[in-house]
Amino acid sequence: MRCLIVLLVLSVAAPVYARATKDLAPPPPGATLPVLINQTLKPHNLQPGQPICAQLIQSVPVGANVYLPKGAKLKGHIVNVSNSSISILFDQLSWKGRAIPVHVRLLAAAGMMNVIDTEVSLSGPDRGTADRNDWTTRQVGGDQIFLQGGSGTVYDQYSQPVGYANYTGVYANPSTSGGLPRAMGPFSTTATGLHGFPELTIASEGGADSPITLASSKPNWQIRNGSALLLEVVH
């Protein structure tokens, strides 16, 4: 049955992305932006006003046949930072010298090791012997991806198909008829909260002109290079 579902997903999804155009088009409200932090954030090496940049982990659908390209940059700045918290405002997407404004809120975050774990086969012996295009992997939050030839279906904890994966990324199925798939990166389709940051909590998820704020129970907190954020576009 899963093989049949995989084939059906591929027959629908593959032609769409074969025709899709890469463009820095405004993402609609509700679109998700999975990004990778490309620097280690610590309280002693940051200051208010300091620029911060993250990159899209995968292609992000923003129209019927248009998507933001992997590697497009999400830019912002540090609003406040201390031993007990950090506030970040992301407000701009850029690619190839162009830039557009964007407002986002935080849905989920994953530490660097949690992100790496999503790229490891669940079958131990397969790690060194099988083609990674046929691996089964687990997303942050518990969803599993069953790949065949580099594409496949995403299943939730109840073994229900909730999305698909292909060479452009991992996607949650549209929530409404005619809606866009949501880009998930290393995250499960229902992922929320913080994963791999035991000392941090979400004080504010952000949104519009409000920064994302994380509070820390320890003064030596850090967000390591290679950590990921799942952000949702808001009005």
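The values are calculated or read from the model by the stated rules, or taken from the named source; none is laboratory data. Values in this document were obtained by computation on a predicted structure and should not be read as measured data. Positions of Cβ are generated from backbone atoms using ideal geometry, with glycine treated the same way; all protein chains shown enter the neighbour counts. Each accessible area value is taken on the protein alone, full model and side chains, heavy atoms only, with ligands, DNA and RNA left out. Shrake-Rupley method; radii C 1.70, N 1.55, O 1.52, S 1.80 Å.
Within the range 138-156, is even one residue within 30 Å of P101 (Cβ to Cβ) and modelled with pLDDT under 95?
Within the range 138-156 (the criterion being within 30 Å of P101 (Cβ to Cβ) and modelled with pLDDT under 95), the answer is no, since none of the residues qualifies.
Would you say Q92 is over 28 Å from T118 (Cα atoms) and free of Cβ contacts under 8 Å to residues at least 60 places away in the same chain? I'd like the intermediate steps shown before the answer.
On the way: over 28 Å from T118 (Cα atoms): no; free of Cβ contacts under 8 Å to residues at least 60 places away in the same chain: yes.
Taking the combined requirement at face value, the residue does not satisfy it.
If you go through the range 148-158 one residue at a time, do you hit one that is within 24 Å of E119 (Cα to Cα), polar (S, T, N, Q) and under 16 Å from the mean Cα position of the chain (by Cα)?
Scanning the range 148-158 turns up no residue that is within 24 Å of E119 (Cα to Cα), polar (S, T, N, Q) and under 16 Å from the mean Cα position of the chain (by Cα).
Does Q157 fit the bill of being buried (at least 20 other Cβ atoms within 10 Å of the Cβ) and of a type in the set (S, T, N, Q)?
No.
For the range 24-36, give me each residue that is in contact with a Gly (Cβ under 7 Å, 6 or more places away or on another chain) and open to solvent by less than 10 Å² (accessible area, probe 1.4 Å).
P34
Residue check, S151 against (1) open to solvent by 10 Å² or more (accessible area, probe 1.4 Å); (2) among the small types (G, A, S); (3) out of contact with any helix residue (DSSP H, G or I) (no Cβ under 6 Å at 6 or more places or on another chain), all met but one. Which one?
Condition (3) is where S151 drops out.
Results for (1) among the small types (G, A, S); (2) crowded, with 19+ Cβ neighbours inside 10 Å; (3) touching a strand residue (DSSP E or B) at 6+ places or on another chain (Cβ under 6 Å); (4) modelled with pLDDT of 95 or more, shown as yes or no for each residue.
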| residue | (1), (2), (3), (4) |
| --- | --- |
| I57 | no, yes, yes, yes |
| V60 | no, yes, yes, yes |
| A64 | yes, no, no, no |
| P69 | no, no, yes, yes |
| K73 | no, no, yes, yes |
| H77 | no, no, yes, yes |
| S84 | yes, no, yes, yes |
| I88 | no, yes, yes, yes |
| G97 | yes, no, no, no |
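Strands (runs of 3 or more DSSP E) wholly in the range 122-211 with at least 1 residues that are farther than 20 Å from L33 by Cα and of a type in the set (S, T, N, Q) - which ones?
Qualifying strands (runs of 3 or more DSSP E): 136-138, 144-148, 151-155, 200-204.
Take the residues in the range 170-226 that are surrounded by fewer than 21 Cβ atoms within 10 Å (Cβ to Cβ) and in contact with a helix residue (DSSP H, G or I) (Cβ under 6 Å, 6 or more places away or on another chain), then tell me which one is nearest to N80 (Cα to Cα).
Per the criteria, the residue is R224.
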